[in-house]
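To keep things clear, I will list the structure first and then write my remarks on it.
The values are calculated or read from the model by the stated rules, or taken from the named source; none is laboratory data. On a predicted model such as this, the values are computed, not experimentally measured, just so you know. Quick reminder, even Gly has a Cβ in these numbers, built from the backbone with ideal geometry, and neighbours come from all protein chains shown.
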Amino acid sequence: MCGIVGYVGRSEAAPILLDGLRRLEYRGYDSAGVAIVNGKGVETRKCAGRIAELANLMAEQPPSGNYGISHTRWATHGKVTDDNAHPHFDASGKLALVHNGVIENYQALKEELIRDGDADFVSDTDTEVLAHLIGKLYDTSGRGNGNTPPQSEKSRLVAAVRAALQQVIGTYGIAVVHSDIPDFMIGARRGSPLVLGVGKEENFLASDVSAIVAYTRDAVYLNDFDIVAVERDRFEISSLAGGGADYRVSKVEFTAEDIGKGDFPHYMLKEIFEQPNSVRDAMRGRLSSEECSAKLGGLNMTPAELRDVERIVVTGCGTALHAGRIGEYLIEQLAQVPTEAEFASEFRHRNTPMIGNTLVFAISQSGETADTLGALRESKRKGYRTLGICNNVASTIARESDGGVYMHAGPEIGVAATKSFTSQVVILTLVALLLGRMRHLSTADGSEIIEALEALPGQIEQVLKLSDSIKAVAKKYASANGMLFFGRQHNYPVALEAALKLKEITYLFAEGHPSAELKHGIIALIRPDLPSVFIAPDDAVFSKNLNNMEQVKARKGPIICVTSDGCAEKLKGIADDVISVPRTLDFISPILTVIPLQLFAYHLAVELGRDVDKPRNLAKSVTVE
Ligand code: M6R
């Protein structure tokens, strides 16, 4: 949700900033811009559109200088126009600022600045207010008088940023430069991620380490309310309230190669094909054949505490919540602990009754989703033990939770979440197994589940071999205006997830429903040009799904069915197209049934000429409410 890159060093800033922005484009791609400073002043290039358009602009008139800031925007306040593209400037035109987040009280601040004659606004953004406010405070304070000596320009700018941010209600990750202060930039964060990259005679700021990992793997993940003053060979981190702040330089756990597309045409396809490994990595070292259970030390809970859990709430957004909904089925089935999956955006504002021993899981690939973070904070505020299931180990959710389980799925760049979903479901299966073995699950049950989990990577390899035949099915339905997805029990959330995948990358209308709901209204939609996709492995409810398919068939609705190996015969004359996945335990089947549907959405989107990795209006990490 907007990406920021900043650089101070000895190299030309332009190519570094552009390269970083390309890596952050998944965070937003409505407009982009750079402000690079040299001895003559600030050189700005910005435009509506993708980074490629900014690159063209920069190629026509290359900006030169050794420090600067840049931004790729996901619009919140103000349309997608050149004027609304970041960076934004103060009244002097010397101070440039980029921002990720939302300034909620921008209107009041703006009115005050206009009333005092301090600013002429050229954009409709909330961000421009912050640039003017910092600029005004910088120009009017700290110059010294009879009683106080003048401060250095650097200290004055830090003080101005601090004073301005103290007036702000909302969220921000910002980077600021001033053309009167050479080789210097300031970063600050509250609610939006910001990382300091520590290099040799060069330092970086970025919303995400992927932007700078090609230059340095030493990073400081800034905390909320940190302000960092960055020079070529030093940096100083202080807190918004004044005074020092704690920090740690960590090694980034992946390299620039890890975040390339390799030989794949899209990140999404690469990430779908990474699932044998990401699923293996999600359970690596976490299965105990001896105890016939899972080992999840990161939960930071004793066996007694685990046994005393009386209720679980699983929260998240989008794909992460769909994984959570599968967790709801899994935990109740294997451990008999009442579990509820709840939209993070609803949970955080509603007064859900919670009994004493409620355990809350916040699931998030990025670990930065604003609604999920809000839910985590609300749960912690109420005193509930709140655990994270995150992929990004340095993320805010990972850091603020009381414990949790990392996905270890590797960077997920495609806006459509794929491998993170299967990793989340694997982890929730481990949680269910652990809680189940603390209660009534026998060693034989535990061993059977472990065996099924260990077979998954090989089975996923089998499913991936179907990619070409799934492509052919996708082509066959490319003229459809929409699709319905149906599943029961553990595969009902797969129907939700498959519909979400289709919507976000093909822009086709799609809905997911429990199969049995058909007859309660949805059946009115069935017609020959609206395909229904059933997720019906050979499980306890297979015959029920078959009945529902018959109801669709009777109304001439085309049917695609994802089922288990060996079931095609039973679907003859009912399903028009059958995709078979290997057999496994009923409650583990979602990890296999979802993959053909990820591939289906992918191939259909390519067939329709969509921008698979950067779908319309979306951003990978949603750090605003
Ligand atoms: O990073 P998170 O897992 O918290 O993201 C949650 C959702 O924004 C995300 O899953 C979104 O729904 C994806 N675009 C779905 O493909």
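Check off (1) over 26 Å from the mean Cα position of the chain (by Cα); (2) buried (at least 16 other Cβ atoms within 10 Å of the Cβ); (3) not in a loop (DSSP other than H, G, I, E, B) for E504 and give me the number that stays unchecked.
Only one criterion in (1) over 26 Å from the mean Cα position of the chain (by Cα); (2) buried (at least 16 other Cβ atoms within 10 Å of the Cβ); (3) not in a loop (DSSP other than H, G, I, E, B) is unmet by E504, namely (1).
Only one residue in L441, L434, L496, L430 is outside the structural domain of F273 (by TED's automatic domain parsing), modelled with pLDDT of 95 or more and of a type in the set (A, V, I, L, M), so which one is that?
After applying the criteria, what remains is L496.
Within the set of pairs 6 or more residues apart or between chains, which connect a residue that is assigned by TED's automatic domain parsing to the domain that holds S123 inside the range 65-91 to a residue that is part of a loop (DSSP other than H, G, I, E, B) and among the β-branched types (V, I, T) with Cβ atoms less than 6 Å apart?
Hits for this filter: T76/V102; T76/V624; H77/T125; G78/T125; D83/V122; N84/T125.
Which of the residues belonging to the range 333-377 are within 16 Å of the ligand (Cβ to nearest atom), of a type outside the set (V, I, T) and in a helix (DSSP H, G or I)?
A344, S345, E346, F347, A370, D371, L373, G374, A375, L376, R377
I'm trying to understand the selection: among the residues of the range 180-201, which are on the phi < 0 side of the Ramachandran plot and surrounded by fewer than 24 Cβ atoms within 10 Å (Cβ to Cβ)?
The answer is D180, I181, P182, F184, R190, V198, G199, K200.
Which residues, taken from the range 400-424, are within 12 Å of the ligand (Cβ to nearest atom) and under 11 Å from S364 (Cβ atoms)?
M407, A417, S420, Q424, listed by residue number.
Output the residue which, of all residues in the range 69-117 that are of a type in the set (S, T, N, Q) and part of a strand (DSSP E or B), is nearest to L17 (Cα to Cα).
Taking the candidates together, the pick is S70.
Quick check on this structure: which one of A536, A498 is touching a Leu at 6+ places or on another chain (Cβ under 9 Å), within 16 Å of the ligand (Cβ to nearest atom) and either free of Cβ contacts under 8 Å to residues at least 24 places away in the same chain or hydrophobic (A, V, I, L, M, F, W, C) (or both)?
Checking each option against the conditions leaves just A498.
Listed here are the residues, each with its yes/no results for (1) under 11 Å from F486 (Cβ atoms); (2) in a loop (DSSP other than H, G, I, E, B).
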| position | (1), (2) |
| --- | --- |
| V533 | yes, no |
| L546 | no, no |
| E550 | no, no |
| R555 | no, yes |
| I574 | no, yes |
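Could you identify the single residue in L597, L608, L592, L585 that is within 16 Å of the ligand (Cβ to nearest atom), at pLDDT 95 or above and out of contact with any Cys (no Cβ under 6 Å at 6 or more places or on another chain)?
L597
When you scan the range 444-464, do you find a residue that is part of a loop (DSSP other than H, G, I, E, B) and surrounded by fewer than 18 Cβ atoms within 10 Å (Cβ to Cβ), even just one?
no
Mind listing just one residue for me: the one in the range 111-138 that is in contact with a Phe, Trp or Tyr (Cβ under 9 Å, 6 or more places away or on another chain) and either free of Cβ contacts under 8 Å to residues at least 24 places away in the same chain or not assigned by TED's automatic domain parsing to the domain that holds T76 (or both) and, of those, nearest to D180 (Cα to Cα)?
If we take residues in the range 111-138 being in contact with a Phe, Trp or Tyr (Cβ under 9 Å, 6 or more places away or on another chain) and either free of Cβ contacts under 8 Å to residues at least 24 places away in the same chain or not assigned by TED's automatic domain parsing to the domain that holds T76 (or both), then L113 is nearest to D180 (Cα to Cα).
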